[in-house]
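Asker: Structure below; questions to follow.
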Amino acid sequence: MSINSQVRKSNLENEDIKMLRGLRLGSLKSCILEPYASTYNVKCNYTSTKPSNKVQNLPRLPVPKLGDTLNKFLVTVQPFLNDTEFATTKTLVKEFENGVGQKLQSLLEKRATQHENWLEEWWLNTAYLEYRDPVVVFSSPGLVFPFRKFNSQIDQLTYAAKTLLAALDYKALIDNDKIPVEMMGKNPLDMSQYKKIFGTCRIPFEKRDKLSFNDSKHITVIHNNHIFHIDLWGNDGKRLNEDQIVQILKKVVDSSPSPATDPIGILTSENRDTWAKAYQLLSKEQVNRESLLDVETSLAVLCLDGAAGVWQRDRDRDARFTLAAAQTIHGGGAASNGANRWFDKTVQFIVGADGITGLTYEHSPAEGQPIAVLTDFIINYIDQNKTTESSSSSPKDPVQLKFIVNNDVADMIKTAKNNLDKFVANLELDCFKFDEYGKNFIKSHKMSPDSYLQMAMQYAFYSLHGTPGAHYESAATRMYAGGRTETIRSCSPESVSFARAMLDAAAAPRRKLAALQRAVAAHKDYTVQALQGFGVDRHLLGLKLTAIENGIEIPKIYSDPGYVRSAHMRISTSQVACKCDGFMCYGPLVGDGYATCYNPRDDDVNFATAAFAAHRDTSSARYRAALARALRDMRRVLLHAVDSKL
Ligand code: COA
């Protein structure tokens, strides 16, 4: 049986995948483009292999020792079990360790000798390409850039042109291996994700999507839901300058004054199997196949959005943050800018008429960090008001891409609009800048800022729900070849004791401080292990997939409450650090959960929190307030305990 069908058989369905994934990687076995192109008789000039990495000779992702992972696992399940349940889990774990676990471990170790990274392909498929929920809200993050105020349409188009030129400069650095190799301490990090940012597109297929990698000289521009091909190089082979791009964008805008009746782009916001069906229907027409390929092969998408009202008088900074986050995650719904998108494209730059700028990125090829570095590069480029010397003597006019939409596809578009509007209504977002302190203050108290912020989230959740929240944080495993992430299980016995101490009115500040220090230290310890590939979740996933692949019954520990509850990530979090005053944002992993993406800066932290409106127990507004309160309380504890020496 193929891996694919076995994975399905195992019920590694969307819910399961969400638990595993948190925020989300990539290597590709082969490029789909040539077979695809030949099937549909469309000419293309794409690369036919995965983007090559400059050889970095990085170490291979280790397979942790079985006993080590299981011991760690037992510690992380404690907050979610009573004594009887914990005793049962311990027995199951022992049986697993002394029984089938050993066989699975040795099969997994064998796999690790056969693959440069034993997890890479499994992860890409299970966490992303086989995931059937829409990429919108459920997988693709938005990234909000610092606000701008455009006084005219030309301002908007000039900003868009600068964004494109900055992106092209950045791509040239990537292509020429000029992006400095990132380091974690003394360890160089895998840079291959950078090569997958431009020219990449996810293509919908039933059951498992594919990725297509391309290098080209054009971009896709979407305005009023109409889709255009724009060449960024002229007939003379020279790159266009800012004015020339602005002129071309102006032609795009002038030729699409009203919204398209059948906005094809909205189909990319659908459930993946539904979109795959629509894609097959569209592909029956040669003109559609050509248009689809044109979008898929472009370097990136530029969405020239209509105004979303960001500068309306009643909006303060945080309301603006929240509105911008919504625009970058889902475009505000079908009647706003939700159809002015192609969500399958790895990077879609968003430049709104009223100054909302940012991007949406499809998560499968890369983590947030390379995208955050791209963001800082673009913002610097724009703020330094860089200009390009060169220009082309023969820019090409934009070409509007044509689609023939039959009745079936038209119906699917209508349904897609309704579905997107439902997602929009269901996603509560509350983004805010916590400006009372940032990393510097935390460092001055000799604590890891990241661990401290994670503990604030633990405390906030506990204060709202009176119970520990299973908590996912992404840790980069890029010190290994093809590495992506491991889960930091931020909820620990220490984090629970800390939250309880904070809520105990009788507890002295010294006791609270000690509980905070212990919780931060435990989190930091787990982080260091996760960064080295010694977390719990990826190893347990590897053992489970090994069982599935070898036709072995899935061991009982995977259905035990210890595993199920500790992996039901009610708090899904990720630090995506950029220097500029921006932030990344996304939706929760589980129905009754929260998302928290944050950008910790020296003296403030930008937070994007989210919850689902459909779930009665959660509220992003309450969570956001609890988080800000937690940060204030913790500061008070630090200052008070130090002052009073109680
Ligand atoms: N006292 C004083 N300073 C301390 C300290 C302490 N006890 N502990 C840490 N610091 C300092 C660090 O030296 C660092 O200093 P710098 O700003 O000068 O570099 C700073 O505080 C931040 O360190 P810390 O907060 O501990 O962690 P981090 O920034 O290294 O982040 C992770 C930790 C796990 C978030 C990070 O390693 C990681 O993996 N990031 C990628 C996550 C990811 O994949 N996101 C995208 C998903 S889409």
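The values are calculated or read from the model by the stated rules, or taken from the named source; none is laboratory data. Since the structure is predicted, the reported quantities are computational estimates derived from the model, not experimental observations. No Cβ is skipped: glycine too gets one built from the backbone with ideal geometry, and neighbour counts run over all protein chains shown. What goes into the accessible areas is simple: the full protein's heavy atoms, side chains included, and nothing from ligands, DNA or RNA. Shrake-Rupley method; radii C 1.70, N 1.55, O 1.52, S 1.80 Å.
Asker: Figure the gain on full extension for residue 262 and residue 508 (residue separation times 0.36 nm, minus the Cα-Cα span) and round it to one decimal in nm. Could you put the intermediate results ahead of the total?
Answerer: Numbers: separation 246, 0.36 × 246 = 88.56 nm, distance 6.37 nm.
In short, 82.2 nm is gained.
Asker: A further question on this structure: Eigenvalues of the Cα gyration tensor times 5, then square-rooted: what semi-axes does that give for the chain, in whole angstrom, largest first?
Answerer: Values: eigenvalues 322, 178, 102 Å².
So the three semi-axes of the chain are 40, 30, 23 Å.
Asker: Sticking with this one: Could you tell me the relative contact order of segment 141-427? Use alpha-carbon pairs under 8 Å, at least six residues apart, and round to a whole percent. Present the calculation step by step, with values, prior to reporting the outcome.
Answerer: Working: 522 pairs, mean separation 92.0, N = 287.
Reported relative contact order: 32 percent.
Asker: What dipole magnitude, in Debye to the nearest 20, does the chain give about its Cα centre under +1 on Lys/Arg Cβ and -1 on Asp/Glu Cβ?
Answerer: Details: 79 positive and 73 negative charges, 239 e Å.
It comes to approximately 1140 debye.
Asker: To continue, here is another question. Please turn the phi angles of segment 425-438 into ³J(HN,Hα) values with the Karplus equation 6.51 cos²θ - 1.76 cosθ + 1.60 (θ = phi - 60°), one per residue in order, whole Hz, x for glycine and proline.
Answerer: Result, rounded to whole Hz: 5, 7, 8, 8, 10, 9, 10, 7, 9, 8, 10, 7, 6, x.
Asker: Next question. Among the aspartates and glutamates, select those whose C-alpha is under 16 Å from the C-alpha of residue 94, and discard any that sit fewer than 8 residues away in the same chain.
Answerer: Reachable aspartates and glutamates: 68, 85, 560.
Asker: Another question about this same structure. Can you work out the accessible area per residue across segment 343-415, with the rest of the protein chains kept in place, probe 1.4 Å, in square angstrom?
Answerer: Numbers: 2710 Å² over 73 residues.
It amounts to 37 Å² per residue over segment 343-415.
Asker: Still on this structure, I have one more. What do you get for GluC sites (Glu not before Pro) in segment 382-478 restricted to DSSP loop and a cutoff of at most 14 other Cβ within 10 Å of the site's Cβ? Could you put the intermediate results ahead of the total?
Answerer: Values: sites: 389, 428, 436, 473; in loops: 389, 436.
Those satisfying the criteria are 389, 436.
Asker: Continuing with the same structure: For segment 141-427, state the average projected area of the convex hull of the C-alpha atoms over all orientations, rounded to one decimal in nm².
Answerer: On the way: hull surface 63.5 nm².
For segment 141-427, the mean projected area of the Cα convex hull comes to 15.9 nm².
Asker: Over segment 191-277, what is the mean sequence separation of C-alpha contacts under 8 Å (at least six apart), divided by residue count, expressed as relative contact order in percent?
Answerer: On the way: 86 pairs, mean separation 24.9, N = 87.
Normalised by residue count, the contact order of segment 191-277 is 29 percent.
Asker: Using only alpha carbon pairs under 8 Å that are at least six residues apart, calculate the relative contact order of segment 344-430 and give it in whole percent.
Answerer: Working: 26 pairs, mean separation 12.0, N = 87.
Worked out over segment 344-430, it gives 14 percent.
Asker: Could you work out what % of the accessible surface of segment 546-646 is carbon and sulfur, using a 1.4 angstrom probe and leaving DNA, RNA and ligands out of the count? Kindly include the intermediate steps, with their values, before the conclusion.
Answerer: Numbers: 1840 of 3790 Å².
It is 49 percent, rounded to a whole number.
Asker: Next question. Between segment 313-390 and segment 569-646, what is the separation of their alpha carbon centroids in Å?
Answerer: Result: 21 Å between the Cα centres.
Asker: Can you run phi through the Karplus equation (6.51, -1.76, 1.60; θ = phi - 60°) for segment 198-208 and list ³J(HN,Hα) in whole Hz, with x for Gly and Pro?
Answerer: Ordered by residue, 3J(HN,Hα) equals 9, x, 9, 8, 8, 10, x, 9, 4, 6, 8 Hz.
Asker: Hey, could you get me the Stokes-Einstein D for segment 189-332, Kirkwood radius over alpha-carbon pairs, 37 °C and 0.692 mPa s, rounded to whole µm² s⁻¹? All intermediate terms of the calculation are to be shown ahead of the outcome.
Answerer: On the way: Rh = 17.5 Å.
Answer, rounded: 188 µm²/s.
Asker: So, one more: Report the FRET efficiency, 1/(1 + (r/R0)^6), for residue 317 and residue 625, where r is their Cβ-Cβ distance and R0 is 22 Å, rounded to 0.05.
Answerer: Numbers: r = 16 Å, r/R0 = 0.73.
Computed FRET efficiency for residue 317 and residue 625: 0.85.
Asker: At 1.4 Å probe size, with the rest of the protein present, what percent of the exposed accessible area of segment 141-427 is carbon and sulfur atoms?
Answerer: About 48 percent, which is the carbon plus sulfur part of the accessible surface.
Asker: Roughly speaking, what % of Cα-Cα pairs in segment 79-155 are separated by over 20 Å, rounded to a whole number? Could the numbers behind the result be given before it?
Answerer: Numbers: 2002 of 2926 pairs.
Summing the P(r) tail past 20 Å for segment 79-155 gives 68 percent.
Asker: Whole angstrom only: what separates the Cα centroid of segment 413-429 from the Cα centroid of segment 163-227?
Answerer: 28
Asker: Stretched out fully, how many nm does the piece from residue 186 to residue 603 gain, at 0.36 nm a residue minus the Cα gap? Walk me through the numbers on the way to the answer.
Answerer: Values: separation 417, 0.36 × 417 = 150.12 nm, distance 2.70 nm.
Length difference between fully extended and current span is 147.4 nm.
Asker: For segment 173-256, run through the trypsin sites (Lys or Arg not before Pro) and keep only the ones in DSSP coil with at most 11 other Cβ atoms within 10 Å of their Cβ. Don't skip to the end; give the middle numbers.
Answerer: Numbers: sites: 178, 186, 195, 196, 202, 207, 208, 210, 217, 238, 239, 250, 251; in loops: 178, 186, 207, 208, 217, 238.
Listed in order of number, the matching sites are 178, 186.
Asker: Run the quick spin-label model on residue 614 and residue 283: label points 7 Å from Cα toward the beta carbon, then report their separation in nm to one decimal.
Answerer: Result for the modelled spin labels: 2.9 nm.
Asker: Using the Karplus curve 6.51 cos²θ - 1.76 cosθ + 1.60 with θ = phi - 60°, work out ³J(HN,Hα) for each residue of segment 587-593 in order, rounded to whole Hz, and write x for Gly and Pro.
Answerer: Couplings: x, x, 7, 10, x, 9, x Hz.
Asker: Still on this model: Looking at the calculated P(r) for segment 379-428, what percent of the C-alpha pair distances fall above 12 Å? It would help to have the intermediate numbers written out before the result.
Answerer: Values: 983 of 1225 pairs.
Value for segment 379-428 (Cα pairs over 12 Å): 80 percent.
Asker: Given R₀ = 30 Å, what would the calculated FRET efficiency be for residue 91 paired with residue 467, taking r from the Cβ atoms and rounding to 0.05?
Answerer: According to the calculation, E is roughly 0.75.
Asker: Excluding same-chain residues fewer than 8 positions from residue 149, which lysines have a Cα within less than 17 Å of its Cα?
Answerer: Counting by Cα, and skipping residues close in sequence, residue 149 has these lysines nearby: 162.
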